[in-house]
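These notes are about the structure you will find just below.
No lab work stands behind these numbers, since they all come straight from the coordinates. Keep in mind the model is a prediction, meaning the values are calculated, not measured.
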Amino acid sequence: MIHDSNATVNPPCPRTDDRLGASCVTLLPRAAMHKITTLDDHWMARPRSIGTALLESDGHHAIVDPGPGSTLNTLRHELRAHGVSVSDLDAILLTHIHLDHAGASGALVRENPRVIVYVHKLGAPHMVDPSKLLASAARLWPDNLGELFGEAVPVPESNLQILEGRETITLGSRKIEVAYTPGHAAHHVSYFEDVEGVAFVGDTTGIGIEGQSYVMPATPPPDIDLPLWDSSFARILERKPNRLFLTHFGFSENPAAHIAQFRERLHGWMETTEKILQTAKNDEQAMDCFLATMRAEIGEHLPAEEVEQYVATAGLNLSFLGLARHARKRAQAASSSSKATS
Ligand SMILES: [Zn+2]
């Protein structure tokens, strides 16, 4: 695994072609050297909720978003099912540091200290010392944090590769471009690989389960920022990916249509939240109203069992808290700027 370099590593000759010596490399079809596989982490015993992407290139292995500590054994099992062990991993590419995406990183590094963990500079300190991350998660999930996300082991600083966006990572002969894509989180990045044109977008384009056309926002506190999020959509689309890979869950085949639908829904949910906040008597009533409104909306698009799947994966109550926080910040900023100009 090489960062910011043009060097490539030739694949080892396969046994059956040993007689061909060094020339066998050029005889192998290019596609045979590269692979992207969806690993289902079966979070809370629920399939198609949290997914890890396994990227293979010329005998090099990376995973995008290993998932939470609570699904580490499932991840190990899924890797083994594809002929890969934790000791084979060269890199972990984190889209962001939320526990459902990055929680297992430290335990994987402890098992294989050779692994490089790629993470945005704003998220990096919380990988080295996850105590603040765990404290804020404990406020959101006071009753069952351990059951949901397991242990978050610190990642040694020496294993981190800090990103800001615009870097190029080399995995075998595959190039992976990094783009800064905030909105869901201030430290969110996306990865664009060059062989199949897949963009690994984490939570930047919402929750959309492979095979379903409905796309839903996940907007937990504290970073939700819609103007920044819009700039991230533009940053993804200008790279013209062929497919998106969503942590929740799997591939989406039409990036432009997916993002157009998601952007409209995200802004729609924001407007609904603002209206609810204006009319509700208190926070509790506002939350209840949001949950009922959104469940009804999702139910118009999906069968009942899929509604539960989306709601459980996203944490609909957290989405309200994140949108409400952003709405209040916007209202405060608008009133202080109107005071300044009056
Ligand atoms: Zn997520």
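Pick from ALA107, ALA314, ALA331 the residue whose mean-square fluctuation is largest in a GNM of the chain, springs joining Cα atoms under 10 Å. Looking only at ALA107, ALA314, ALA331, the largest GNM fluctuation is found for ALA331.
Over 26 Å between Cα atoms, which of LYS275/LYS329; LYS132/LYS240; LYS132/LYS175 qualify? Checking Cα-Cα distances, LYS132/LYS240; LYS132/LYS175 exceed 26 Å. Could you state, as a whole-number percent, how many of the C-alpha pairs of region 136-239 are farther apart than 23 Å? Distances greater than 23 Å cover 42 percent of the Cα pairs. Between 0 and 90 degrees, the angle of helix 283-301 with respect to the longest Cα principal axis of the chain falls at about 60 degrees.
Evaluating 6.51 cos²θ - 1.76 cosθ + 1.60 at θ = phi - 60° for every residue in region 162-178, the Karplus couplings come out as 7, 10, 10, x, 6, 7, 10, 9, 10, 10, x, 9, 9, 9, 10, 8, 9 Hz, glycine and proline recorded as x.
Annotation for region 213-273 versus region 146-171: alpha-carbon center distance of 23 Å.
Stokes-Einstein diffusion for the chain, with the hydrodynamic radius set to the Kirkwood value over Cα pairs and evaluated at 4 °C in a medium of 1.567 mPa s, equals 62 µm²/s.
Taking amide H as placed 1.01 Å from N in the peptide plane, GLY202 has its amide H under 5 Å from the amide H of THR247, each at least 5 places away in sequence or on another chain.
Comparing ASN317, ASN112, ASN282 in a Gaussian network model of the chain where C-alpha atoms under 10 Å apart are linked, the largest mean-square fluctuation is found at ASN282. Database remark: amide H of ILE169 closer than 5 angstrom to the amide H of ASP4, ILE176, GLU177, VAL178 (H placed geometrically; neighbours at sequence offset of 5 or more, or on other chains; Pro and chain starts carry no H).
Over region 58-210, what lengths in whole Å, largest first, do the semi-axes of the equivalent ellipsoid take, defined as the square roots of 5 times the eigenvalues of the alpha-carbon gyration tensor? Kindly include the intermediate steps, with their values, before the conclusion.
Details: eigenvalues 103, 69, 47 Å².
Each semi-axis is √(5λ); the values are 23, 19, 15 Å.
For the chain, the longest principal axis of the Cα atoms and the long axis of helix 316-341 meet at an angle of about 60 degrees. 3J(HN,Hα) along region 132-148, derived from phi through the Karplus expression 6.51 cos²θ - 1.76 cosθ + 1.60 where θ = phi - 60°, amounts to 5, 4, 5, 5, 6, 5, 5, 6, 7, 10, x, 8, 9, 4, x, 5, 6 Hz, with x in place of Gly and Pro.
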